[in-house]
Amino acid sequence: MVGDLLIGPAFGGVREFFEKYATPEQKAAFLRLWGLLLIPGPLQSRDYAHAMFLEGGLDEGEAAEQTDLRVKRHAKVDDPDAAHVTALIYEPVLSFQVGAPEVMIGQLERLLAVSARRNVVIQVVPAVGYFPGVEGAFEVASGPDISDTVIMVTVDDHVSDEPDVAGRVIALFEEVRGYALNVAESRKVISEALQRWKAQQ
């Protein structure tokens, strides 16, 4: 599924391109996440991920397997030794339905819950027209024990730890962040989206 780190069964549970990113992510002290089309993987609720995989064409067994793998990425957000996570989420993502309204409610409640953690910063980027970064989602894993490693999800999914590539992507992340609301404003926008989904129940 374009726009997300979709883990497919053809590679024994981990898409080949994602394998190159999985180890750096596990060792990362810092994660930068840009959610252009979907909620970034480490922040996805179980139900959101499961619905995404089902709607992406996997059968129930495959979807359950991939969901379990996706949920393991929560450790980088939730565990005592979690990374410092800065996530930028494009505002339309909050209204883009994945699964039933109940799934979206759970997902936005998770965003609000994790945004209260000291190691997590979530900022919403308003939909106000073109800005740098709309070409594709990406994530960056950084830390003292790894090279900066980026995963870019476009037409050709790509992972790189080349310093010049990572440097450009990190610079782009900061540029996108310049368009984002602050944390308090972002929580308000997420809460308003949550109420709209609750009204659909």
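No value in this document is a laboratory result; all are computed from the given coordinates. Keep in mind the model is a prediction, meaning the values are calculated, not measured. Note: ideal-geometry Cβ built from the backbone for every residue, glycine included; neighbour counts use all protein chains shown.
A few comments on the model shown:
- Using a Gaussian network model of the chain in which every pair of alpha carbons under 10 angstrom is joined by a spring, one finds that among 66, 107, 26 the greatest mean-square fluctuation is at 26.
- Summed side-chain charge close to residue 88 - residues other than residue 88 whose Cβ falls under 9 Å, Lys, Arg +1, Asp, Glu -1: +2
- Counting Lys and Arg as +1 and Asp and Glu as -1 over every other residue whose Cβ lies under 10 Å from the Cβ of residue 139, the net charge comes to 0.
- Each DSSP beta bridge with both residues in the chain is either parallel or antiparallel, and the antiparallel ones are about 50%.
- By the equivalent-ellipsoid construction on the alpha carbon gyration tensor, the chain comes out with semi-axes of 23, 21, 16 Å, ordered largest to smallest.
- Scattering profile of segment 40-125 at q = 0.23 Å⁻¹ [log10 I(q)/I(0), Debye over alpha-carbon scatterers]: -1.17
- Structure remark: mean-square fluctuation, Gaussian network model of the chain, C-alpha springs under 10 Å; the largest value among 170, 39, 89 belongs to 170.
- Charge tally around residue 190: other residues with Cβ under 15 Å, Lys/Arg +1 each, Asp/Glu -1 each, net +2.
- Tail weight of P(r) past 18 Å, computed on alpha-carbon pairs of segment 99-201, percent: 61
- Per-residue [θ]222 nm for the chain (sum of -39500 (n - 2.57) over DSSP H runs n ≥ 4, rounded to 500): -13000 deg cm²/dmol
- Projecting the Cα atoms of 106, 120, 92 onto the dipole axis of segment 75-134, where Lys and Arg carry +1 and Asp and Glu carry -1 at the beta carbon, places 120 farthest toward the positive end.
- Put in order of Cβ neighbour count within 10 Å, fewest first, the listed residues 115, 95 become 95, 115.
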